[in-house]
Amino acid sequence: MSEDTHNHLASFHRGDLDIALPFFLDINGQRYNCSKVLRLLPAKRLVVKAESKGKFYVIKLFSNAQKGQRELKREQSGFEQVTRSGVNTPKLAFFDSDTEGCSLIAYQYLTDLQTFNDDPNNINKYKKKLVKLIAKLHQAGIYQDDFHLDNILISKDKLFLIDLASIEVEAKNTAVSREVSLANLAKLIVQFVPKQQKKIVKRLRKYYTQRDWSWNEEEKKRSKQYIHQAWQKRKTLYLKKRFRSCTMTFYKHNFQQQTAFRRSFINAVGQDFIGDIEQLVQGGDLLKDGNSATVVKVRYGDKQLVIKRYNIKSVWHLLKRCYRPSRAAVSWRNANLLELLGIPTPKTLGFIEQRVGPFRKTAYLVCEYSDGQELIDAYQSRMPTEPELAQLKTIFSVLRRYKISHGDLKASNLLITQDGEISLIDLDAMQEHYRETTFQKATVKDQQRFLKNWQQSAPELGTMLDAALFNKN
């Protein structure tokens, strides 16, 4: 075993958050050049893209100190089960149970690779094949227990299933039961944004036909319940991950500060950014200077950012706010919720909350800069286009479907880019409602606030928007 292999795997075993690239793996007398980390769970699992003698592989390494040999057996078993089901999976290249304290398995690397996350139109093209894939798994008595969109790959117009250690068998030689099948199907459906979910739900009749089940009103209601339950679980887990350290989130919480950022952003700019935050605000280009919030535009390295500082106006304001989650933390949560729902908002990169123990003080929200124009200004000189109206309808219908109110839905809190994408901003008053009565009261207030701008500046446009967006004649 080379020193390079030893040092890099030692870094993995230590739990380092970053693995220096490129590095070499020497396995069974052959050298593999590892050029890209595809997945890293520190001290547990490392997945890399590697090349040897002109051939490319995906190599998964499991730490034996963290039950790696068991994970290898689960991966091998999953591969065998999926292969027997007739569902595509990358070809197995080799495996080994003890390489520098790791068990590992390698697959052929797929070319022309995409996922459903790469292109929103992929759901239109592959929804039929996707539903068929799930039905084949379930008919074969197996299911993927960790469905997410990166576990279904698209290559040369075919779908491939990966992460085979998560394949489960309900009962040998028996198709998966209706209850488990519907729960698993719902888990997959909610990985998509609501607009895409509808396209899969319309294909459920085909799934039922493939399972020789009857598709009727009772089954439609049942599937809807499973989807609702799966959504609640996915939403809760995803938002929790935005407030703890994990692969996608850099998170720290101590006596003086709570901070959470997209890990990709912090990896790019460095942690010094957090300590420089007030200096950046002081030196930024002022966009808004209010009592409650200061908004500036800054350039940090090659990135254009907007920083919103939530100010403490007085001692009484401090006492009122210090026990509650800061508006920056609320906005961070809400921006991530909108991302799950497929509602555009300028990409929120993270927040910083200055604290004294449990007491919150000044807080900062960091977003990517958007050159979007306020909707109220854009429509002073023209009428909305049909695609723009469709976007607004989608935004309002998704908010209604999930019982979410914005809290300050003036037209200036909707931006439109030069490409015609409409996004929602200023999310610190946004909230989910669990009682229909409180939601109805809040959503009516949102609608009235949105229409008020148009009634004052462009009455005819306001009347048209009222009818188009809120189903009024």
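The values are calculated or read from the model by the stated rules, or taken from the named source; none is laboratory data. Computed from a predicted model, the values in this text were never measured in an experiment. All Cβ positions, glycine included, derive from the backbone under ideal geometry; neighbour counts span all protein chains shown. For the accessible areas, the whole protein counts, side chains as well, though only heavy atoms, and no ligand, DNA or RNA atoms are used. Shrake-Rupley method; radii C 1.70, N 1.55, O 1.52, S 1.80 Å.
Quick one: what pairs do we get from the stretch 442-459, first residue within 24 Å of Lys403 (Cα to Cα), second open to solvent by less than 80 Å² (accessible area, probe 1.4 Å) and assigned to a helix (DSSP H, G or I), C-beta under 7 Å, 6+ apart or different chains?
Thr443/Arg400; Gln447/Phe470; Phe450/Ala411; Leu451/Gly462; Leu451/Leu465; Leu451/Asp466; Asn453/Ile376; Asn453/Ala411
Of the residues that make up the stretch 366-386, is at least one open to solvent by less than 10 Å² (accessible area, probe 1.4 Å) and at pLDDT 95 or above?
Among the residues of the stretch 366-386, at least one is open to solvent by less than 10 Å² (accessible area, probe 1.4 Å) and at pLDDT 95 or above, which makes the answer yes.
So the check is Cβ under 8 Å with 6+ separation or different chains; which pairs have a first residue in the stretch 22-35 that's at positive phi and a second one that's surrounded by 13 or more Cβ atoms within 10 Å (Cβ to Cβ)?
Close Cβ pairs (under 8 Å, with a partner that is surrounded by 13 or more Cβ atoms within 10 Å (Cβ to Cβ)) amount to Asn28/Phe94; Asn28/Asp96.
Quick check on my filter: what residues within the stretch 17-36 are within 24 Å of the chain's Cα centre (by Cα) and surrounded by fewer than 16 Cβ atoms within 10 Å (Cβ to Cβ)? Break it down stepwise before answering.
So in the stretch 17-36, the residues within 24 Å of the chain's Cα centre (by Cα) come out as 17-19, 36.
Hits for the stretch 17-36 are Leu17, Asp18, Lys36.
Can you spot a residue in the stretch 278-286 that is part of a loop (DSSP other than H, G, I, E, B), farther than 30 Å from Asp146 by Cα and open to solvent by less than 30 Å² (accessible area, probe 1.4 Å)?
Checking the stretch 278-286: at least one residue is part of a loop (DSSP other than H, G, I, E, B), farther than 30 Å from Asp146 by Cα and open to solvent by less than 30 Å² (accessible area, probe 1.4 Å).
Looking only at the stretch 319-365, count every residue that is polar (S, T, N, Q) and either at pLDDT 95 or above or part of a helix (DSSP H, G or I) (or both) and tell me the total.
Taking the stretch 319-365 first, the residues polar (S, T, N, Q) are 326, 331, 334, 336, 345, 348, 354, 362.
Of the ones still in play, those that are also either at pLDDT 95 or above or part of a helix (DSSP H, G or I) (or both) are 331, 334, 336, 345, 348.
Qualifying residue count, the stretch 319-365: 5.
Pairs only if they're at least six apart or on different chains, beta carbon under 9 angstrom, first in the stretch 285-297 and farther than 17 Å from Asn413 by Cβ and modelled with pLDDT of 90 or more, second among the hydroxyl-bearing types (Ser, Thr, Tyr) and in a strand (DSSP E or B); list them, first residue then second.
Leu286/Thr294; Thr294/Tyr310
All but one of (1) surrounded by fewer than 20 Cβ atoms within 10 Å (Cβ to Cβ); (2) modelled with pLDDT of 95 or more; (3) over 29 Å from Lys224 (Cα atoms) hold for Val180; which doesn't?
Just one mismatch for Val180, condition (3).
Could you list, in sequence order, the residues of the stretch 438-459 that are out of contact with any His (no Cβ under 9 Å at 6 or more places or on another chain) and of a type in the set (A, V, I, L, M)?
Listed by number, the residues that qualify are Val444, Leu451, Ala458.
For the stretch 301-313, name all the residues that are at pLDDT below 95 and not basic (Lys, Arg).
Within the stretch 301-313, Gly301, Asp302, Tyr310, Asn311, Ile312 qualify.
Which of (1) within 28 Å of Phe56 (Cα to Cα); (2) at pLDDT below 95; (3) not aromatic (Phe, Trp, Tyr) is the odd one out, the single condition Thr174 does not satisfy?
(1)
Looking only at residues that are open to solvent by 60 Å² or more (accessible area, probe 1.4 Å), among the polar types (S, T, N, Q) and not in a helix (DSSP H, G or I) in the stretch 108-129, which one is farthest from Phe94 (Cα to Cα)?
Restricting to residues being open to solvent by 60 Å² or more (accessible area, probe 1.4 Å), among the polar types (S, T, N, Q) and not in a helix (DSSP H, G or I), the top hit is Asn121.
Can you find a residue that is at pLDDT 95 or above, out of contact with any strand residue (DSSP E or B) (no Cβ under 6 Å at 6 or more places or on another chain), open to solvent by 90 Å² or more (accessible area, probe 1.4 Å) and acidic (Asp, Glu) anywhere in the stretch 80-87?
yes
I'm trying to understand the selection: among the residues of the stretch 406-442, which are β-branched (Val, Ile, Thr), under 16 Å from Leu389 (Cα atoms) and not in a loop (DSSP other than H, G, I, E, B)?
Ile416, Ile422 - these are the residues of the stretch 406-442 that are β-branched (Val, Ile, Thr), under 16 Å from Leu389 (Cα atoms) and not in a loop (DSSP other than H, G, I, E, B).
Considering every residue within the stretch 72-81, establish whether at least one is in contact (Cβ under 8 Å) with a residue 60 or more places away in the chain, more than 30 Å from Gln139 (Cα to Cα) and over 27 Å from the mean Cα position of the chain (by Cα).
no
Could you tell me whether Ala43 is in a strand (DSSP E or B), touching a strand residue (DSSP E or B) at 6+ places or on another chain (Cβ under 8 Å) and either over 20 Å from Leu92 (Cβ atoms) or touching a residue at least 40 places away in the same chain (Cβ under 8 Å) (or both)?
Spelling it out, it is not the case that Ala43 is in a strand (DSSP E or B), touching a strand residue (DSSP E or B) at 6+ places or on another chain (Cβ under 8 Å) and either over 20 Å from Leu92 (Cβ atoms) or touching a residue at least 40 places away in the same chain (Cβ under 8 Å) (or both).
Using beta carbons and a limit of 7 Å, which pairs, at least six apart or on different chains, have the first residue in the stretch 242-267 and farther than 15 Å from Asn336 by Cα and modelled with pLDDT under 90 and the second one small (Gly, Ala, Ser) and surrounded by fewer than 15 Cβ atoms within 10 Å (Cβ to Cβ)?
Pairs found: Phe255/Gly357.
Counting just the residues of the stretch 263-302 that are basic (Lys, Arg) and within 27 Å of the chain's Cα centre (by Cα), which one comes out nearest to Cys367 (Cα to Cα)?
Among them, the one singled out is Lys297.
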